[in-house]
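Structure first, then comments.
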Amino acid sequence: MLSALEEAFYDVWTVLAAHEPYRDRTEDHERKIDLSRTLMAYAANGVRDVAELRRLGVKSLSLPPSH
């Protein structure tokens, strides 16, 4: 399960990078914590598939349009 969460986190974080190219994600600890909690909540509710965790993680974010 931990592997699935790590993979989903990395994938969603990559999507964030594409949508927010000027944001300093290396120091964005709050955003990392929020994303981690979101993914953990889905996993606690039975979501185990990496693709589904990724989809739900991206869906839960308020993302600006990509450029």
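FYI, it's all coordinate maths here, none of it is from the lab. If you're wondering where the values come from, they're calculated on a predicted model, not measured in any experiment.
For the reader, a short list of remarks on this structure follows.
- Helix-only mean residue ellipticity at 222 nm for the chain, each DSSP H run of n ≥ 4 adding -39500 (n - 2.57), per residue, nearest 500: -21500 deg cm²/dmol
- The radius of gyration of the Cα set in the chain, together with its Dmax, comes out at 11.6, 35 angstrom.
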